[in-house]
Amino acid sequence: MARYRVETACLLAPAVLFLLLLFVVPLARLFSLAFTDEGGVFATFGVLAESEVYRRVMLNTFVVALAVTLITVLLAWPVAYALSRLKGFWFALALYGVLFPFWISVLVRTFSWMILLERNGPINRLLQGLGVTDQPLALLFNDTGVMIGMVHVLLPYAIMPLYAAMARVDRRLLLASDGLGAGLLDTFARVYFPLVLPGLLGGATFVFLLSLGFFITPALLGGANAITLSMLIASFVTDRLAWSLAAAGSLVLLLVVLALLAVAARLLPLDKGMFAR
Amino acid sequence: MTRQPLWLSILAHGGAGLVLAFLVLPIVAVLPASVNKASFIFLPPRAYSTRWYGEFFLDSEWRSALSTSLQVALIATVVALVLGTVSAIGLRRIRGRWHSLLTGLFLAPMIVPVIVTAVAVYRSALDVGLAGTVLGLGLSHAMLALPFVVINVGIALRTVDDNWLRAAAGLGAGPWTVFRTVTLPNITPGLVGGAVFSFITSFDEVVVAVFMAGYANKTLPVKIWESIRLEYTPVVAVAAVLMILLAMLLFGGAQALGRGQSILKKSEQPQA
């Protein structure tokens, strides 16, 4: 038995050591910078909280993440529903449609959107050609562009858990509800929706958490007009060498993510909604 | 089977088709952009040419970025695959509190926002002189890829029955022989999946790389990232097309391999 334990410890030790050295210790060292500022232990957090600019950045991050989550869930619904009903070739085609973007780098996808959303780009010319607008619309370097790009990147994360929940719904329950005289709307609201709700909320939580920390897409599609918390953290390091502020911002971002994750884990059967297959 | 009115079916499938088009079509936009003859990006191109592909492979900066990316991804894949496989096997041998604690640690790089990880790793890499090196990039990407290997191999390990391991050990095989002859053949699909995920995770990674790359060792995504903000010529689209091709090649190959293997297993079954 003792030998078994030693063997197990030897199996686990290399990766644990690796993660301690490359992940845990660097994070701890970074966060310690937030509390060792000359101004005092919590001075950096005071700077973040009192500045009008930083407060606006944090608000913007939340608003964009919330909007992206709502749009993503709305768009994910028909795809997940179709996936749960389709069979054979059409199912495979739709599934690959969802998985293909997953395979492609976020940077490449964001770059594609830059080409498409440009002032002189194909989307603006199409809209003008159709007479939807006279002037080219500002689709790039603002929150609109950021949201389009983020929804595109995050959609598969919402579709998969929602599809998993829809595929698990026992069709006989719907038949029973139908047979007992419930209308379509009643069956949806009282049988179908409650059954897929865990998948919906699991996916939404996932999307919201990922949105909060998004960096590449807002940095390229939003630019200086739509700064998010992650862009602020990066600029503290690269433009201002303000390590203690970067550390404080990072700690705030991580704590918010962890707190939301803890709440979600308590409220939702996440293991059923997100990872079940 | 279930009563589903026609209008609902049309609405759902039509909506799904539109959303799927929104998911897939924009990615394809870089393809026409990359064969644009003009020196600026314009869609659809007025004249076609492959000159920017030539420019990409003649430019030493793009070439060295591609080669740096491949080296970094190779280091990351090997390190993550070895560490991840060994710890997935270890994780299966423990239960209870330690199991959840260590699983949490192994998956943590996936949960912490990557900008936070990037800044933290960059700061420590500066202090130990690993910033701006291929090794530093490879190791930090291995850390980001580790969760994917632990998950993939962990799932594959479920197919390995503990009794087989005991039987092999009872027949006198040492731990290494047991691993090589019983565990390894059964977890190969998980290993392939983990390796592909690791390679792509590293090859596509931008955020950590932007901080860590420094001047001399830019990876392909870092070079793209910088070029988007500076020159914005179709050569960036060429680089993007190459990244798409590599990802499709690796994932497609892994899928074909997985399918080939399951066919192999099925054809083997009657004999057993």
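Every read-out reported here was derived from the displayed coordinates using simple, explicitly stated rules and does not represent laboratory data. Here the structure is a predicted model, which is why all the values come from computation and not from measurement. Cβ atoms come from the backbone with ideal geometry, glycine included; neighbour counts cover every protein chain shown.
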Residues with beta-carbon under 15 Å from that of A:G149, excluding A:G149: net charge, scoring Lys, Arg +1 and Asp, Glu -1?
-1
With no solvent and one equal point scatterer per Cα, compute the Debye intensity ratio I(q)/I(0) for the protein assembly as shown at 0.06, 0.08, 0.10, 0.12 Å⁻¹ and report its log10, rounded to two decimals.
-0.33, -0.59, -0.94, -1.32
In chain B, which whole DSSP H runs stretch at least 27 Å along their own axis (Cα) and average -1.0 or higher on the Kyte-Doolittle scale?
B:6-28, B:60-92, B:134-157, B:184-204, B:234-268
Scaled to the compact-protein estimate 2.2 N^0.38 Å, what is the alpha-carbon radius of gyration of segment B:53-264, rounded to two decimal places?
1.17
Using θ = phi - 60° and the Karplus form 6.51 cos²θ - 1.76 cosθ + 1.60, what ³J(HN,Hα) does each residue of segment A:225-232 get, whole Hz, x for Gly and Pro?
8, 9, 7, 10, 4, 5, 5, 4
What's the extension gain from B:M248 to B:T50 if we count 0.36 nm per residue and subtract their Cα-Cα distance?
69.2 nm
Specify the residue with the greatest mean-square fluctuation among B:G136, B:G193, B:G172, computed from a Gaussian network of chain B linking alpha-carbon atoms under 10 Å apart.
B:G172
Put in order of increasing Cβ neighbours within 10 Å, starting from the fewest, B:H99, B:H13 give B:H99, B:H13
Tally Lys and Arg at +1 and Asp and Glu at -1 over the other residues with C-beta under 14 Å from the C-beta of B:T133: what net charge comes out?
0
Amide H neighbours of B:N36 under 5 Å, at least 5 residues apart or on other chains, H built in the peptide plane: list them.
B:S49
In what sequence do A:Y163, B:Y215, B:Y53, A:Y4 fall when counting other Cβ within 10 Å, fewest first?
B:Y215, A:Y4, B:Y53, A:Y163
So what's the back-of-envelope 222 nm ellipticity for the protein assembly as shown, counting only DSSP H runs of four-plus at -39500 (n - 2.57) apiece and dividing by all residues, rounded to 500?
-25000 deg cm²/dmol
At q = 0.16, 0.17 Å⁻¹, what is the base-10 log of I(q)/I(0) for segment A:123-249 according to the Debye formula with one equal point scatterer per Cα and no solvent? Please give it to two decimals.
-0.89, -0.92
Counted neighbours (other Cβ, 10 Å), sorted fewest up, put A:K87, B:K37 in the order A:K87, B:K37
So, counting K/R as plus one and D/E as minus one, what does the shell of residues with Cβ under 12 Å around A:S250 add up to?
+2
How are the Cα pair distances of segment B:1-105 distributed, in percent, across 5 Å bins from 0?
2, 9, 9, 8, 8, 9, 9, 10, 12, 12, 8, 4, 1
For chain A, what number results from the quotient of the Cα radius of gyration and 2.2 N^0.38 Å?
1.24
For chain B, modelled as a GNM with alpha-carbon contacts under 10 angstrom, which of B:L157, B:L130, B:L230 fluctuates the most?
B:L230
Any idea what Rg and Dmax come out to for segment A:192-258 if you just take the C-alpha atoms, in Å?
15.5, 53
Counting all Cα-Cα pairs in segment B:157-262, those more than 20 Å apart amount in percent to 59
Pick from A:A167, A:A259, A:A246: which residue has the top mean-square fluctuation in a GNM of chain A where Cα pairs under 10 Å get a spring?
A:A259
